[in-house]
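The values are calculated or read from the model by the stated rules, or taken from the named source; none is laboratory data. Remember, it's a predicted structure, so these values are computed and weren't measured experimentally. Cβ placement follows ideal geometry from the backbone for every residue including glycine, while neighbour counts extend to all protein chains displayed.
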Amino acid sequence: VIFTLGTGIGCGWVYKGEIFNGYKGNGMESGHCTIVINGALCGCGQRGCAESYFSARGFLSRYKEKTGSEIESARAFFELVRKKDPVAVEILSFGTMVLAELLRNTIHSVNPKKIILVGGLTKSWDLFGENLIERVKEIVFPVFLDYTTIETGSGLSSTYGAASLCFKGEQI
């Protein structure tokens with residue numbers, strides 16, 4: 001299962017060598033799974049979606065909500081975390097817990113061998129990666145700890161994925 005962590009949360013699942021699309025092509029809208037009941041309003045119109053807490057848009061919205069101040073980008077948000085801004089640190093910490101719950105739900109639902117995290121937010125993996133993996137290990141059924149791994153992908157993963165769709169079924 002691949003999660004793209006960026007403006008929102010994208011997700012794709014390769015099952016038996018094929019990309020799982022769901023009945024009408026809208027499968028794996030995992031960023032819109034409710035993790036926080038009656039939580040923050042998401043861009044989709046619902047409340048408590050995972051991407052309301054762990055995404056560039058989510059981080060910026062939560063920061064403005066708590067401080068009244070706007071920050072311009074995820075990069076600026078992560079700089080605040082690096083400078084130990086207490087509000088930014090708290091937002092990232094809670095967001096990481098939300099992402100861990102989303103990964104747990106995915107692990108328990110589809111039993112993947114591997115979860116790969118890609119996207120712009122993984123550039124700041126050093127600020128949340130260890131906490132994320134530790135939290136997932138705490139909350140996932142122990143049987144999955146033996147074989148489900150979580151790792152980051154390369155910076156070109158989106159390009160590789162798009163190219164593989166273009167050449168699907170062709171000999172290259």
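One table, with the values for the structure above:
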{"quantity": "Members of segment 113-130 that are surrounded by 14 or more Cβ atoms within 10 Å (Cβ to Cβ), more than 20 Å from V143 (Cα to Cα) and not aromatic (F, W, Y)", "calculated": "L117, V118, G119, G120, L121, T122, K123, S124, L127, G129"}
{"quantity": "Matching residues, segment 1-34, being in contact (Cβ under 8 Å) with a residue 60 or more places away in the chain, more than 26 Å from E72 (Cβ to Cβ) and outside any strand (DSSP E or B)", "calculated": "V1, W13, S30, C33"}
{"quantity": "Single unsatisfied condition, I150 versus (1) outside any helix (DSSP H, G or I); (2) modelled with pLDDT of 55 or more; (3) exposed (fewer than 15 other Cβ atoms within 10 Å of the Cβ)", "calculated": "(3)"}
{"quantity": "Residue match in segment 43-56 (condition: part of a strand (DSSP E or B) and not hydroxyl-bearing (S, T, Y))", "calculated": "yes"}
{"quantity": "Condition broken by L117, with the remaining ones in (1) closer than 30 Å to K16 by Cβ; (2) within 11 Å of the chain's Cα centre (by Cα); (3) assigned to a helix (DSSP H, G or I) satisfied", "calculated": "(3)"}
{"quantity": "Residue within segment 126-145 that is closer than 25 Å to N21 by Cβ and modelled with pLDDT of 90 or more present", "calculated": "yes"}
{"quantity": "Subset of segment 53-85 (residues that are crowded, with 18+ Cβ neighbours inside 10 Å and touching a residue at least 24 places away in the same chain (Cβ under 8 Å))", "calculated": "Y53, F54, S55, A56, G58, F59, R62, Y63, A74, F78, V81"}
{"quantity": "Count of residues meeting criterion [under 20 Å from E151 (Cβ atoms), hydroxyl-bearing (S, T, Y) and at pLDDT 90 or above] in segment 1-51", "calculated": "2"}
{"quantity": "Conditions (1) farther than 20 Å from T4 by Cβ; (2) acidic (D, E); (3) in contact with a strand residue (DSSP E or B) (Cβ under 6 Å, 6 or more places away or on another chain): number failed by E51", "calculated": "(1)"}
{"quantity": "Sole residue being at pLDDT 95 or above, in contact with a Phe, Trp or Tyr (Cβ under 8 Å, 6 or more places away or on another chain) and among the charged types (D, E, K, R), chosen from R82, R62, R104", "calculated": "R62"}
{"quantity": "Unmet criterion (only one of (1) over 11 Å from the mean Cα position of the chain (by Cα); (2) closer than 23 Å to I115 by Cα; (3) modelled with pLDDT of 95 or more) for F54", "calculated": "(1)"}
